[in-house]
């Protein structure tokens, strides 16, 4: 357990030391909130959807958690390149503990990032229907962070160099975000798109955040939580398996 704590603490400290990274990682959520939230606000309101900033904020929070947790796993590539991963793997510690420590560290960093975006969203105009929903929203943020930190670990353990990074971004991470319902309502989607969104774990995370913060979830909170729990178990197992196969 000591190894898990040390690796968790290392990931959190590495994030907190990089103030430039913290500021830069807030740029994209802020851009979406301001440009899309206010730019499309009047159109969304005329269509009977109410405040678009209110609607889009849970999706942007989910996006921040998604990107941060995925990138924390892909940081395995940097550790492999600079030799830190080799030093870690040769230590007399089970690889499962190493993977767990890194994954929990990445999930914690993603939670911190998501919390910062929550504060920005409140400033931009997010008004939770009930402040009692905040703990539930934090729970969904944690679930999203664990799911995608595990996926990031599986990807980082599978990729050999940074050339595969753009492939992951363009054909996996961005589709996960855009198909999650973060930017559009899940109602009245074409049948094919409805089927695809149901295979996207982030869709259940965003829906749970939306239900907790502004009400009106699509799948239902219990179903969202169950889907994320299943995704977490599957991806944690996948991440542990891929991490165990890393050669030093």
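The values are calculated or read from the model by the stated rules, or taken from the named source; none is laboratory data. It should be emphasised that the depicted structure is a prediction, and the values quoted were computed from it without experimental measurement. No Cβ is skipped: glycine too gets one built from the backbone with ideal geometry, and neighbour counts run over all protein chains shown.
For the reader, a short list of remarks on this structure follows.
- There is at least one residue in segment 204-222 that is part of a helix (DSSP H, G or I), within 17 Å of the chain's Cα centre (by Cα), surrounded by 14 or more Cβ atoms within 10 Å (Cβ to Cβ) and without any contact (Cβ under 8 Å) to a residue 60 or more places away in the chain.
- Residue 136 being within 19 Å of residue 56 (Cα to Cα), more than 15 Å from the chain's Cα centre (by Cα), surrounded by 17 or more Cβ atoms within 10 Å (Cβ to Cβ) and at pLDDT 90 or above: yes
- Residue check, residue 176 crowded, with 17+ Cβ neighbours inside 10 Å, within 19 Å of residue 218 (Cβ to Cβ) and modelled with pLDDT of 90 or more: yes
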